[in-house]
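First up is the structure itself, then whatever we jot down about it.
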Amino acid sequence: MSGSDAVDPSEAADRSGAVGADAEGYAGLRVERARELARRHGWASVRVLEPGELMTMEYRQGRLNLAVRDGVVERSWEG
């Protein structure tokens with residue numbers, strides 16, 4: 001199987017419905033892929049948080065938060 005024929009695990013998860021609407025299902029994805037899936041699944045906004053970055057603590061319904069290290073989502077949650 002060539003590199004272009006390989007199935008990306010994040011794409012497989014997307015097809016099964018495991019990633020997308022559930023705010024906690026983005027861990028392990030590359031940040032670019034997570035943003036793409038979030039837009040596709042209707043998240044109003046996506047906030048990417050690098051280690052040590054300051055963040056406000058107000059809750060916003062429809063916002064997906066992505067804690068990212070080295071370009072990979074470590075944790076995701078709504079608010």
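The values are calculated or read from the model by the stated rules, or taken from the named source; none is laboratory data. Owing to the predicted nature of the structure, the values given are computational and were not obtained by experimental measurement. These accessible areas exclude ligands, DNA and RNA; they are computed on the full protein's heavy atoms, side chains included. Shrake-Rupley method; radii C 1.70, N 1.55, O 1.52, S 1.80 Å.
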Exercise for review: Compute the Cα gyration tensor for the stretch 32-79, then decide on rounded, prolate or oblate, letting a ≥ b ≥ c be the square roots of its eigenvalues: rounded whenever a/c is under 1.5, prolate when a/b is larger than b/c in the other cases, and oblate in all that remain.
Suggested key: oblate
Check your understanding: What accessible surface, in Å², does a 1.4 Å probe find on residue 24, ignoring ligands, DNA and RNA and rounding to the nearest 10?
Key -> 140
Review point. How much accessible area does residue 46 have with a 1.4 Å probe, in Å² rounded to the nearest 10?
Key: 50
Point to revise | Fully extended contour minus Cα-Cα distance, from residue 74 to residue 48, at 0.36 nm per residue | key: 8.3 nm
